[in-house]
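**Student:** Got a structure for you, questions after.
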Amino acid sequence: MKYLIVYGTGEGQTRKIARFIETVLDESGHQATIADATEEPPGPDAYEAIIIGSSIHTNSYHNAVKQYILQHSAALNHKKSAFFSVGMAMASHIAEEQEEVYSMTGKFLEQTGWKPDKIWYLAGALRFTKYDYFKRLVMRLMAKRQGITVDTASDYEYTNWDELKASIADFEISGTD
C-alpha cells in the first residue's frame, strides 16, 4: 500500500514521529513517502492512505498543515486517513489539559472539513538544552502547570513509541477489510 505522511513541526518531535511512522510502514512492506507541510508536499491523489500530523504550539496546529488539509480536504475524505496530534498536554497528569486538546482537535478538523478515520494523540518532547533562557523558563512553567517535574538541564521525550506502533498496526489492519 502507498502511504503519504505529511507533517508540520515546530521543534522537531513531530518530524521524528513522522519518520518513525515511515519506518514502521516500510518495515511492514508498504511504500511510505514523507513530506514537510512547509515544503510543498505532494497531493494525496497518488496514494492509497494519508497520515497527517502537526504539533501544537500556542494552542493551535501548524498553519502549513491546516493549509494542506484545506487544499485537499475533498480528496482526503475519500482516502483512508489518520491525523496525529503532538503536544505536551498529552503528557499532563491533568485530565482537563488533555480534554482541551481533544476539543481543539475537533474544532480544527471541523474548520478544515477533514474527517480522518483515526486520530492519534501523542505526547511530545521538551528540548531544554536547545532552548534559549526565556523559552526554557516558559516551558518549565508550562510543564509545572501540567504536573510534570523537569530539570531544565536535561531533555525529555514523552512520546509513547510502543503505543504509536500499535496504532499504526491497527490502522494498517483496518485498511485491509
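**Student:** In whole Å, what are the extents of the chain along the principal axes defined by its C-alpha atoms, from largest to smallest?
**Tutor:** 45, 34, 31
**Student:** Where in segment 75-103 is the amide nitrogen less than 12 Å from a point lying 7 Å along the Cα-to-Cβ axis of LYS118?
**Tutor:** 80-84, by backbone N distance to the label point.
**Student:** Lys and Arg at +1, Asp and Glu at -1: add these up for the other residues within a Cβ distance under 11 Å of GLU11 and post the number.
**Tutor:** Every neighbour counted, the sum reads +4.
**Student:** Return the tail of the calculated pair distribution for segment 117-162, meaning the percent of Cα-Cα pairs more than 12 Å apart.
**Tutor:** 64
**Student:** Sticking with the crude label model, points 7 Å out along Cα→Cβ, report the distance from GLN67 to LYS144 in nm, one decimal please.
**Tutor:** Each label point lies 7 Å from its Cα, and together they span 3.7 nm.
**Student:** Using only DSSP helix segments of four residues or longer, with each worth -39500 (n - 2.57), what per-residue ellipticity at 222 nm results for the chain after dividing by its residue count and rounding to 500?
**Tutor:** Helix-only estimate at 222 nm: -13500 deg cm²/dmol.
None of the figures in this text is laboratory data; all of them are computed from the coordinates on show. Bear in mind the structure is a predicted one, so any value in this text is a computation, not a measurement. Ideal geometry is used to build each Cβ from the backbone, glycine not excepted, and the neighbour counts take in all protein chains shown.
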